[in-house]
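To keep things clear, I will list the structure first and then write my remarks on it.
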Amino acid sequence: MFSSDVYLFYFVIFFSLLMSLPTYILSYFASSPYGKHSRSGKSKTTISPSIAWFFMESPTLWLTFLIFPLGKNYTNPLAYFLISPFLIHYTNRTIIYPLHLDKRAHNKFPLNIAVTGFIYNILNAYIQSRYVSHYANYENDEWFWTRFRCGFFVFGLGMVINVWADGVLLSLKRQGGGYKIPRGGLFEYVSSPNYFGEIMEWLGWALMTWSWAGLAFLVYTCSNLVPRAVSTHKWYVEKFGEDYPKNRRAVFPFLY
């Protein structure tokens, strides 16, 4: 059974890395139709955005809690330190963030996108929690705390940016009157600081775990969020024209 789990573990990592390139290409040419990129008639079956976010992100919590006790590192305090940033992020994304969404929002969430996200999060929660709880080697790891501190700093800064940017966007939606140009903070430099912040989070996670699992998560996150940020930037430029700040980049300040 152990050997079959090893094969499954590395197969899911390989599959995640393998799917990053087609995901990037598909996302670059056709953004998932939710939020600003909703397209009327594109999906016949839609659900509330709050329910969609809770549903598709939930495996990161319940599956982690199911898998974690099965690992050989279950009693090691370092494993709990390491998994905590992952759980902090997904507690916000699964529970807190959906509660702040406008229940009266006109745009609904396509069910097929929610199901796709649910499947990905099952796979990703498996490799992240399985690595931390079982495959990570904490014995005689002299660099654990150095990597953890550096990675947690990057992760924490990214999460602050991500949560703050989400808050700004949600606040603008509550004001009514249609979409507006977000301003202030990192919005003066990029169109999607929320995506920039999330990429920083998983860069920090990859540093903390120093693993193929963490790297696969970072790579796939970039393959999904970078092209979506580019599409969002184009959407703002097309909608607001000359009124949209010309010095803003899509996702990485001063670069891209």
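The values are calculated or read from the model by the stated rules, or taken from the named source; none is laboratory data. Just so we're clear, the structure is a prediction, and the values are computed from it rather than from any experiment. Reconstructed Cβ throughout: ideal geometry from the backbone, glycine too, with neighbour counts over all protein chains shown. Note: accessible area is taken over every heavy atom of the protein model, side chains too, but ligands, DNA and RNA are not part of it. Shrake-Rupley method; radii C 1.70, N 1.55, O 1.52, S 1.80 Å.
Going by the conditions given, is Val251 farther than 18 Å from Phe15 by Cα and touching a residue at least 24 places away in the same chain (Cβ under 8 Å)? In short, yes. Within region 76-106, the residues that satisfy the criterion of being modelled with pLDDT of 95 or more and either over 24 Å from Leu169 (Cα atoms) or basic (Lys, Arg) (or both) are Asn76, Pro77, Leu78, Ala79, Tyr80, Phe81, Leu82, Ile83, Ser84, Arg93. Of all the numbered requirements in (1) open to solvent by less than 20 Å² (accessible area, probe 1.4 Å); (2) in contact with a Gly (Cβ under 8 Å, 6 or more places away or on another chain), Gly214 misses one, and that requirement is (2). Which of the residues belonging to region 1-26 are farther than 19 Å from Asn124 by Cα and either modelled with pLDDT of 95 or more or surrounded by 13 or more Cβ atoms within 10 Å (Cβ to Cβ) (or both)? Within region 1-26, just Leu26 meets the criteria. Among the residues of region 146-165, none qualifies, meaning not one is among the hydroxyl-bearing types (Ser, Thr, Tyr) and closer than 21 Å to Tyr90 by Cα.
Restricting the first member to region 157-173 and to residues that are more than 15 Å from Ala229 (Cα to Cα), and the second to residues that are polar (S, T, N, Q) and open to solvent by less than 30 Å² (accessible area, probe 1.4 Å), the beta-carbon pairs closer than 7 Å and six or more apart or on different chains are Val163/Asn92. Filtering region 169-182 for residues that are open to solvent by 40 Å² or more (accessible area, probe 1.4 Å), in a helix (DSSP H, G or I) and modelled with pLDDT of 95 or more leaves an empty set. The residues of region 91-126 that are hydroxyl-bearing (Ser, Thr, Tyr), closer than 19 Å to Ser16 by Cα and crowded, with 19+ Cβ neighbours inside 10 Å amount to a single one, Tyr126.
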